[in-house]
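These notes are about the structure you will find just below.
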Amino acid sequence: MAHAVVVGAGIGGLTAALALAHKGWEVTVLERAASIEPVGAGLAVAPNALRALDVIGVGDEVRKLSAIQGRGGIRLPDGRWLARTTAEDAAARYGDPIVLLTRAALVGILAGRLPQGALRVNSRVESVDPATGRVAVRGTAETIEADLVVAADGIRSRTRSALFPGHPEPVYAGVTSWRAIVPLAGETGASETVFASETWGRGLIFGVMPLAGGQVYCYATAAVPPGLRAADERDELLRLFGRWHDPIPALLDAADPAAVLRHDIHSLDTPLPAFHAGRVALLGDAAHPMTPNLGQGACQAMEDAVVLADRVSPGDPAAGLAVYSRERLARTTPIVRRSRSIGRLTRWRNPLAVALRDGAMRAVGRLGPDVASRQGDRVFAWSPRS
Ligand SMILES: Cc1cc2nc3c(=O)[nH]c(=O)nc-3n(C[C@H](O)[C@H](O)[C@H](O)COP(=O)(O)OP(=O)(O)OC[C@H]3O[C@@H](n4cnc5c(N)ncnc54)[C@H](O)[C@@H]3O)c2cc1C
């Protein structure tokens, strides 16, 4: 049986391992961490990614564990709506709405379907030889032979740097981000009816996304220099967003300071020349790290995974890898670019520029859900065969 080694057990690596196993590959997933517990945050899974998950038979389980991004839209810090959307509009257009779940839930579903013994934690890959498919694991004399290596080793991918030495690294996108999962208890003062919303201020964004099970996923970004950290990140969020519309202050009050994650955002502004070399495929953030503005980083990793498994046959991996590379570069490059462009708009602070930006969003919102949704067609209408 042909053997595929997947480097990294993030959402991309796990989806790739399942997709390849479905196609008859023997898979080994090597993860450097001691466990695959993901960061405590939520994830928006868009219709395109749900279709990818359907290919490997987990789409319905994900739908079942998710909250639907119901009524929602874009707001101003004082609470006024700039544009409204509903889950029904998205479902009518794409077959599914955007759904929301915790990263832990998604990783749990994917990992739970892996073939017995496929996942090896505490296994940091030191090097990958694209010509032979030999994979060296740190601390062991062992070299694993693979017919196909899938490098899903994330935004700081060492495999990417080794395959494309000298290629520019991901660059700071001008914003830092915070994420937290907050319990939605009555005593927090947060309304029981929390709308999915993203609120745009001057150089600031705050997102509120209801999850299943009485929790809310909150995220925020701020245009600041890279590397800054606060002694207490929840206090920093209260300083920046504590006077914004309900339920933002109550959600921040209810957040556990220790559970607030902060990361600077980077994106690969110069696309790679290819997503493969020899027997190695790059996938997910290893291939196309992007800003989170379209909520597509993990969704594109899931698309990558099912396309890779479909195009690469165990008999002749090299031919299929070139096809995978070509198709996925064409698909992901405009998405990375568009995400970055939206990210730039979120950094604006100049009051006049911000008023113009907000006016444009309001105008699009007034044209109705059809016009607003049409902008998402290129991203969300994807299907595994398109
Ligand atoms: C604030 C924020 C919000 C986001 N929101 C969304 C969203 O709503 N929807 C969405 O689709 N995307 C979102 N994204 C993007 C998404 O998180 C990423 O695109 C996605 O997690 C990438 O998955 P991956 O599997 O490619 O990489 P990772 O999740 O980074 O996984 C890489 C794995 O490889 C392992 N690894 C690394 N090096 C080695 C090695 N040498 N040997 C073995 N293992 C190794 C790592 O430990 C890790 O487990 C968001 C990102 C951010 C920052």
Checklist entry - Under a point-charge model restricted to the Cβ atoms of Lys and Arg (+1) and Asp and Glu (-1), what is the dipole moment magnitude of the chain relative to its Cα centre, in debye to the nearest 20? => result 1080
Checklist entry - Any idea which of A173, L308, A152 is furthest toward the positive side of the dipole for the chain, if Lys and Arg beta-carbons carry +1 and Asp and Glu beta-carbons -1? => result A173
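Sorted by average packing, counted as other Cβ atoms within 10 angstrom per residue and highest first, what order do 213-221, 120-128 take? All intermediate terms of the calculation are to be shown ahead of the outcome.
Values: 213-221: 21.1, 120-128: 16.7.
Ranked from most to least packed, the peptides come out as 213-221, 120-128.
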Checklist outcome for this item: So the compactness index of the chain, its C-alpha Rg divided by 2.2 N^0.38 Å, takes the value 0.99
Checklist entry - Roughly how many whole Å is it from the C-alpha centroid of the stretch 284-348 to that of the stretch 130-161? => result 20
Checklist entry - Put +1 on the Cβ of every Lys and Arg and -1 on every Asp and Glu Cβ in the stretch 314-386; which of I342, L352, A318 then has its Cα farthest towards the positive end of the dipole? => result L352
Next on the checklist: Can you find, among L14, A281, G108, the residue sitting farthest towards the positive end of the charge dipole of the chain, where Lys and Arg contribute +1 and Asp and Glu -1 at Cβ?
Outcome noted: A281
Item to check | About the Cα centre, charge dipole magnitude for the stretch 195-252 (Lys/Arg +1, Asp/Glu -1 at Cβ), debye | outcome: 120
Checklist entry - To the nearest 10 degrees, how steep is helix 351-366 against the longest Cα principal axis of the chain, on a 0 to 90 scale? => result 80
Checklist entry - So for the chain: antiparallel DSSP bridges make up what percent, rounded to the nearest 5? => result 70
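Carbon and sulfur together cover what percent of the accessible area of the chain at a 1.4 Å probe radius?
On the way: 8830 of 16350 Å².
The C+S portion of the solvent-accessible surface of the chain is 54 percent.
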Checklist entry - Given the C-alpha centroids of the stretch 40-101 and the stretch 237-263, what is the distance between them in whole angstrom? => result 23
Checklist outcome for this item: The relative contact order of the stretch 225-330, taking Cα pairs under 8 Å that sit 6 or more residues apart, comes to a percentage of 21
Checklist entry - Averaged per residue, what accessible area in Å² does the chain show with a 1.4 Å probe, protein chains only? => result 42
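Quick one: compute the contact order of the stretch 307-386, relative version, from alpha carbon pairs under 8 angstrom and 6+ residues apart, as a percent. All intermediate terms of the calculation are to be shown ahead of the outcome.
Details: 22 pairs, mean separation 14.5, N = 80.
Relative contact order for the stretch 307-386 comes out at 18 percent.
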Checklist entry - Using Cα pairs under 8 angstrom and six or more residues apart, how large is the relative contact order of the stretch 268-338, in percent? => result 40
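The values are calculated or read from the model by the stated rules, or taken from the named source; none is laboratory data. Note that the coordinates shown come from a computational prediction; the quantities given were computed from them, not determined experimentally. In this analysis, Cβ positions are derived from the backbone assuming ideal geometry, glycine residues included, and neighbour counts consider all displayed protein chains. For the accessible areas, the whole protein counts, side chains as well, though only heavy atoms, and no ligand, DNA or RNA atoms are used. Shrake-Rupley method; radii C 1.70, N 1.55, O 1.52, S 1.80 Å.
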